[in-house]
Amino acid sequence: MDEPRAGRPANLPPHLRLERPLGRGGSATVWVARDRRRGRWVAVKVLDPTSGPDDPSVEPTGERLRRAEREARALARLGMHPGVATVRALGVDDTAAVWVVTDLVDGPTLADRVSLGRPLSAEECTRTLRSLAGALAAAHEVGVVHGDVSPANVVLGADGPVLVDFGVGGVDTSPGDRARTPLVAAPERLRGGRPTASADVWSASATVEWATDPAAPVTESTRRILADCRHPLAGRRPTAGEVVERLGPSGSDPGG
């Protein structure tokens with residue numbers, strides 16, 4: 001992989017050792033690092049401070065860091081939620097790039113799995129929707145909006161799907177924010193609207209349906225929930241918590 005424009009963050013805590021770039025997209029790069037104090041691998045997301053003068057996401061470094069700090073504090077209130085990659089640290093380096101450290105979830109993304117010709121089964125469709133809705137419900141309860149729920153931001157870990165990329169801007173509700181994946185973005189987001197909890201619900205539904213085998217015998221109840229999540233009027237969509245309630249406890253079938 002080419003050296004990222006954001007470079008290597010220059011002032012990471014000494015117990016974190018960068019190993020290699022993991023991926024790059026938009027105005028950020030993700031690195032794999034070793035947390036030698038905890039004996040674990042972590043992900044370090046670095047926001048490029050030079051995205052371009054015409055990019056509305058460019059803002060003073062202090063404000064970028066304050067946004068990241070607000071999100072980290074909010075996510076800390078989630079505790080160790082199994083569906084969310086935990087934020088461990090954040091800061092700013094000598095190039096004015098903000099970096100955020102989260103737990104590294106080991107596994108392919110939902111996008112990776114579909115690209116390998118392994119779409120979700122009917123049972124996995126319901127289970128994945130329940131997992132994403134549960135993670136979003138917990139985040140929304142503490143005031144955190146993800147803003148870009150998408151196949152590339154769902155990692156299929158050993159203990160189930162995990163939503164990643166909460167580490168930047170999820171509490172940034174500025175109109176015109178570009179942190180979205182058009183394939184699964186809510187219509188109001190495509191029109192330049194601000195990230196909202198309702199838009200997260202739309203994207204979760206669209207992500208799961210996109211990743212599900214079209215021939216899978218998904219129950220009529222789950223199909224109704226998926227459709228309700230993508231109502232054209234944001235106020236008519238169920239909340240993430242309501243989606244969890246309608247799907248029932250993990251391991252159950254909502255029925256037909």
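The values are calculated or read from the model by the stated rules, or taken from the named source; none is laboratory data. The structure displayed is predicted, hence computed values, not measured ones. Cβ placement follows ideal geometry from the backbone for every residue including glycine, while neighbour counts extend to all protein chains displayed.
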Worksheet item: How many residues does segment 13-42 contain that are modelled with pLDDT under 90, β-branched (V, I, T) and closer than 15 Å to D103 by Cα?
Response: 1
Practice prompt. Having 2 or more residues that are free of Cβ contacts under 8 Å to residues at least 60 places away in the same chain, over 18 Å from the mean Cα position of the chain (by Cα) and assigned by TED's automatic domain parsing to the domain that holds R127 is the bar; report the helices (runs of 4 or more DSSP H) wholly within segment 176-244 that clear it.
Written response: 187-190, 220-229
Discussion item. Out of R70, R66, R88, I need the residue that is within 24 Å of S203 (Cβ to Cβ) and either modelled with pLDDT of 70 or more or in a helix (DSSP H, G or I) (or both). Which one?
Written reply: R70
Worksheet item: In segment 145-175, how many residues are more than 10 Å from the chain's Cα centre (by Cα), at pLDDT 85 or above and of a type in the set (A, V, I, L, M)?
Response: 2
Item to complete: Return the only residue of A204, A179 being of a type in the set (A, V, I, L, M), modelled with pLDDT of 95 or more and under 20 Å from T109 (Cβ atoms).
Response: A204
